[in-house]
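I have placed the structure first, in the form of structure tokens, so that the comments after it can refer back to it.
No value in this document is a laboratory result; all are computed from the given coordinates. What you see is a predicted model; the values in this text were computed from it and never measured. Cβ atoms come from the backbone with ideal geometry, glycine included; neighbour counts cover every protein chain shown.
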Amino acid sequence: HSAAVAAPLVAAEPCVELGFVSTCPAGYATPESFPSKVGGAPVWLDPRRPAAEALACRKCSRPLRHLLQLYCPRPELPHAYHRSLLVFC
């Protein structure tokens, strides 16, 4: 008998992807376009928005500002195929 060897789930070499900020064409920032963007208002992929308290500073209770949004799908996970990372500060 021979044993099948599964391919590793993690790449042998670290992968680095670089991106650069540029202007977006008009109409780009819609949920259907799955945008990556810097600044402005976030584009929510899920119509259920977080509560205002979730987007407020835990120390001073002031609203957080949207810094950037990155579209980062995980095709191997059906529940996370379309996902975005939103950073607030």
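Summing +1 for each Lys or Arg and -1 for each Asp or Glu among the other residues whose beta-carbon sits under 13 angstrom from that of LEU45 gives +2. Based on C-alpha pairs under 8 angstrom that are at least 6 apart in sequence, segment 15-89 has a relative contact order of 26 percent.
How large is log10 I(q)/I(0) at q = 0.16, 0.17, 0.22 Å⁻¹ when the Debye formula is applied to the Cα atoms of the chain, each weighted equally and without solvent? Taken in order of the listed q values, log10 I(q)/I(0) reads -0.83, -0.90, -1.21. Rounded to whole Å, the principal axis extents of the Cα atoms in segment 46-89 read 39, 19, 16, largest first.
Packing, taken as the mean count of other beta carbons within 10 Å per residue, orders the peptides 43-55, 27-39 from highest to lowest as 27-39, 43-55.
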